[in-house]
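These notes concern the structure reproduced below.
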Amino acid sequence: MTSSTVAKQDDLMDRRIGLRLSGPTLSILCHPCLAGHAFYRNTGVRLIGGIRGRLYHLTALLFSLAWICPPGPRLTFSTLPWLFFVQMERVLKDDAVEEKGERARMASFIGAMAIADLVKTTLGPKGMDKILQSTGRGRNVTVTNDGATILKSLHIDNPAAKVLVDISKVQDDEVGDGTTSVVVLAGELLREAEKLVNMKIHPMTIIAGYRMAAECARNALLQKTMDNKENIDKFRSDLMNIAMTTLSSKILSQDKEYFAELAVDAVLRLKGSTNLEAIQILKKPGGSLKDSFLDEGFILDKKIGIGQPKRIENAKILVANTAMDTDKVKIYGARVRVDSMAKVAEIEAAEKQKMREKVQKIIGHGINCFVNRQLIYNFPEELFADAGILAIEHADFEGIERLALVTGGEIASTFDNPESVKLGHCKVIEEIMIGEDKLIHFSGVEMGQACTIVLRGASEHVLDEAERSLHDALCVLSQTVNDTRVVFGGGWPEMVMAKEVDELARKTPGKKSHAIDAFSRALQAIPTIIADNAGLDSAELISQLRAEHHKENSVAGIDVISGSVGDMQKRGISESFKVKQAILLSATEAAEMILRVDEIITCAPRQREDRM
Ligand SMILES: Nc1ncnc2c1ncn2[C@@H]1O[C@H](COP(=O)(O)OP(=O)(O)OP(=O)(O)O)[C@@H](O)[C@H]1O
Ligand SMILES: [Mg+2]
């Protein structure tokens, strides 16, 4: 008997028990029970087995008792059934949980604000870092200031908090920077919204106000953007300022000028493309961060095979992903019976012959360099060495993908049609030394814009964080090369937007104006947090900043280095307009999405039905 049949029989038994319980009651108190039954049918509650079946009949019994009781106890018997009704009215399955109305909204607000508060302390150039330690094997440690990296590694249960984690990830993928700001702004918008909801303003009114405010803020910022795309020198200095502002909140802040130079050079080589695949970041522990350098071409962290040439000019490269380890007998899943060792030797010889033919086919492509993703065993390595071919084994997948991209080749796995295989080309392949390690350098590659940034640093943790910071800078710069509009940083954009939004609030009649006003306060929270994180008197600085921004064309922002309100143009604190716009729009959309929620339903995953 299968488990589903057992389950069905149990169900039937339950129903019978339910009926048995109510059987005598039904016969004595037929009329009220029938009335109760009719009521259940009309309200859409089905006759259900199990515990609910029993509740069903118990309710009928209580109704019946209420019917025949004297007036005193009648009250008790007629109120009790309603308690059971509450249980029986459930539409959802037993394992689903519902939170409604105000409770659901509160749960969302609290979750989102908790996430925003978590990353808030990392915002700005004086923001702190966080240590993330995994509880899994190895207990890996990451030290970071990057909002997206912190949020990605959290296991979160609250659905609203998950929405914020998601916008941070999207911000990271789209523009690379501003992953903390977007979450902080969304959190502040919700904090303000909570106050409005408590004042009995409907969430839809708040959403309408926020939408108007976001549009107004975007337009205000758009009008204040600067664009130097016509002037190459000025544009380069814009890029340098943007890179330095991005790096100033990260581990590379000490050498921000040096790294900003590296990043700008690397991005300008791309000539407008946003394909950051062409820029390889290679981490080599040892030395100090200042020993990092930019190298034109491609560097592969692998070794050249024994007895093979260490330098090749005018290289023709075959990039492959194929098994080159069959010089050993490996027969999986099959049993081969032999009656003597001579037979084993025969099989080995046959395998070797197969490998020799494969190597001949590869050499037949007219190449002088062969790069394989998989291992190359001794026998094929010898064959390549005899033919004077440089063979590189076990180049990982990212390695060969990048190599194929920059040398203009394609990854091959069969070698029967040499004419259909696209080879990669480069001018020189040679072995180089970085620190104590030997690496292979491909220079004069087909994709001229490709380059490698070699990062040096005291430890793996330092290098990992340096890579993340540099990645932020490279992303922002590549976006700025495409959209050359630039704004100042240090809270300047938020103050510009807040001022316009404030004015809109004053002009707008009705309850929406409260929401618009709240939006302006949420925007001002960003410079407040930057100042707080730097240990400055934020209330004093923000009031000074607000007064400064009432003057026309103000360039005032928070200068955390001098601890006062300063000229952002002179300090060279600039940011990409695209990043600021993405922060504004994503944060508003996320806040709107969370505000719309009036019910959270948690469902267990659907159980798999047992098959007969
Ligand atoms: N020297 C500076 N003085 C004042 N504010 C600065 C300075 N440098 C950067 N900022 C401001 O700091 C904020 C950026 O901080 P941070 O880089 O920590 O966060 P993020 O860019 O939002 O997120 P993440 O870099 O983690 O993706 C921006 O608003 C920027 O204008
Ligand atoms: Mg940043």
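What do you get for trypsin sites (Lys or Arg not before Pro) in the stretch 322-414 restricted to DSSP loop and a cutoff of at most 12 other Cβ within 10 Å of the site's Cβ? Could the numbers behind the result be given before it?
Working: sites: 328, 330, 335, 337, 343, 352, 354, 356, 358, 361, 373, 402; in loops: 328, 330, 335, 337, 373.
Here the sparse-neighbourhood loop sites are 328, 330, 335, 337.
Taking amide hydrogens as modeled 1.01 Å from N in the peptide plane, which residues meet the under 5 Å criterion relative to residue 573, leaving out close sequence neighbours?
HN-HN under 5 Å from residue 573: 489.
Taking residue 343 as the anchor, which lysines have their alpha carbon closer than 21 Å to its alpha carbon, excluding any fewer than eight residues away along the same chain?
328, 330, 352, 354
Go ahead and run the numbers for FRET between residue 394 and residue 257, Cβ-Cβ distance against an R0 of 41 Å, rounding to 0.05.
Working: r = 38 Å, r/R0 = 0.93.
Taking R0 as 41 Å, the efficiency between residue 394 and residue 257 is 0.60.
I'd like to compare 487-495, 566-574, 535-543: which one has the highest average count of other Cβ atoms within 10 Å, and what's the full order after that?
487-495, 566-574, 535-543
Computed FRET efficiency, Cβ-Cβ of residue 277 and residue 374, R0 22 Å: what is it to the nearest 0.05?
Values: r = 22 Å, r/R0 = 1.01.
The pair residue 277/residue 374 has a calculated efficiency of 0.50.
In the neighborhood of residue 272, defined by Cβ-to-Cβ distances under 12 Å, what is the net charge if each Lys or Arg adds +1 and each Asp or Glu adds -1? Numbers along the way, then the final one.
On the way: positive: 229, 269, 271; negative: 483.
Value of the local net charge: +2.
Which residues' amide hydrogens lie under 5 Å from the amide hydrogen of residue 564, considering only partners 5 or more residues apart or on another chain, with H built in the peptide plane?
Excluding prolines and chain starts, which carry no amide H, the hits are 559.
Taking amide hydrogens as modeled 1.01 Å from N in the peptide plane, which residues meet the under 5 Å criterion relative to residue 457, leaving out close sequence neighbours?
Long-range HN contacts for residue 457: 284, 286.
Taking a 19 Å limit on the Cα-Cα distance, which of the listed pairs 195/512; 224/511; 250/283 fall beyond it? Write out the running numbers ahead of the final one.
Values: 195/512 14 Å; 224/511 29 Å; 250/283 17 Å.
Pairs exceeding the cut-off: 224/511.
Using just the Cα positions, wrap the stretch 288-431 in a convex hull and report its mean projected area in square nanometres, one decimal place.
11.2
Among 245, 312, 299, whose Cα sits farthest toward the positive end of the charge dipole of the stretch 243-322 (+1 at Cβ of Lys/Arg, -1 at Cβ of Asp/Glu, about the Cα centre)?
312
Pull up the cross-link candidates among the lysines for residue 427, meaning alpha carbon to alpha carbon under 22 Å and not fewer than 8 places away within one chain.
271, 302, 303, 310, 316, 438
Values in this text are rule-based calculations from the coordinates and carry no lab data. None of the values given here were measured: they were computed from a predicted structure. Neighbour counts are summed over all protein chains in view; Cβ atoms, including those assigned to glycine, are modelled from backbone coordinates with ideal geometry.
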